[in-house]
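Okay, structure first, notes after.
The values are calculated or read from the model by the stated rules, or taken from the named source; none is laboratory data. Keep in mind that this is a model prediction, so the values were computed, not measured. Glycine gets a Cβ as well: all are built from the backbone with ideal geometry, and neighbour counts include every protein chain shown. Quick note on the areas: whole protein, heavy atoms, side chains included, nothing else; ligands and nucleic acids left out. Shrake-Rupley method; radii C 1.70, N 1.55, O 1.52, S 1.80 Å.
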Amino acid sequence: QVQLVESGGGLVQAGGSLRLSCAASGRTFSMYAMGWFRQAPGKERDFVAAIKWSAGTTYYGDSVKGRFTISSDRVKNTVYLQMNSLKPEDTAVYYCAVDVSIGGITTAASYDYWGRGTQVTVSS
């Protein structure tokens, strides 16, 4: 089992920045990738960004490329999502997730463990 705790959400004006954190505990040695997804009311859960835990390779959804940056601290077993130039359409609950098997790194169904989520609200 892997436990995840997100933090860093909040309310920000359009154009502003936020940094989300996700701390993992438990069987962290089994992690293949960590990712961020988001879900707005009435919409599906969408891929935001992911990082392969050992290689450090990063992946981004098209809507956040150039604005968001995912990074990791392997000593702290923590992944971060730096969000810049935020837009009202970025408003959603952001979820951290862990994938323990190879493949489907941008697909929510591939992830095995999920945090409870943190709300990000961007006002216009």
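A few remarks follow.
- Rounded if a/c under 1.5, otherwise prolate or oblate - region 54-124, Cα gyration tensor axes: prolate
- Each semi-axis of the equivalent ellipsoid for region 39-84 is √(5λ) with λ an eigenvalue of the Cα gyration tensor; in descending order they amount to 21, 12, 10 Å.
- With all protein chains modelled, accessible area of Ser71 [1.4 Å, Å²]: 50 Å²
- Largest first, the residues Leu81, Leu11 sort by 1.4 Å accessible area into Leu11, Leu81.
- Spin-label model distance (nm) - Ala55 vs Ala109, 7 Å beyond Cα toward Cβ: 2.3 nm
- With R₀ fixed at 22 Å, the C-beta to C-beta distance from Thr121 to Asp73 puts the FRET efficiency at about 0.25.
- Measuring only protein heavy atoms, the 1.4 Å probe finds Val75 accessible over about 130 Å².
- Largest accessible area first, the listed residues Phe47, Phe29 line up as Phe29, Phe47 when surface is computed with a 1.4 Å probe on the assembled protein chains.
- Converting phi to 3J(HN,Hα) with the Karplus coefficients 6.51, -1.76 and 1.60 and the offset θ = phi - 60°, region 33-50 yields 8, 10, x, 10, 10, 9, 9, 8, x, x, 10, 6, 7, 10, 6, 10, 6, 8 Hz in sequence order, with x at every glycine or proline.
- Between Glu44 and Val100, the C-beta separation translates, for a Förster distance of 35 Å, into a calculated FRET efficiency of about 0.95.
- Separation between Cα centres of region 71-124 and region 1-23, rounded to whole Å: 8 Å
- Test item: Cα-centred dipole of the chain, Lys/Arg +1 and Asp/Glu -1 on Cβ, debye: 200 debye
- For Lys87, the residues 5 or more places off, or on other chains, whose built amide H falls under 5 Å of its own are Gly15.
- Whole-Hz couplings from phi, Karplus 6.51/-1.76/1.60, listed for region 102-109; x for Gly and Pro: 6, x, x, 5, 9, 10, 4, 5
- Of the residues Asp62, Asp90, ranked by 1.4 Å probe accessible area with the largest first, the sequence reads Asp62, Asp90.
- Each label point was placed 7 Å from the Cα along the Cα-to-Cβ direction; for Ser63 and Ser25 their separation is 3.2 nm.
- Whole-percent carbon and sulfur share, accessible surface of the chain, 1.4 Å: 47 percent
- At an R0 of 30 angstrom, the distance between the Cβ atoms of Ser85 and Gln1 translates into a FRET efficiency of 0.25.
- Solvent-accessible area per residue, Å², over the chain with all protein chains present [probe radius 1.4 Å]: 50 Å²
- Proximity of backbone amide H atoms, modeled 1.01 Å from N, is registered between Asp112 and Val98, Asp99, Val100 at under 5 Å, excluding neighbours fewer than 5 places apart on the same chain.
- Tail fraction, Cα-Cα pairs, region 1-62, threshold 20 Å, whole percent: 38 percent
- When restricted to Cα atoms, region 7-120 yields an Rg and a Dmax of 13.1, 38 Å, respectively.
- Antiparallel bridges, percent of DSSP beta bridges restricted to the chain (to nearest 5): 90 percent
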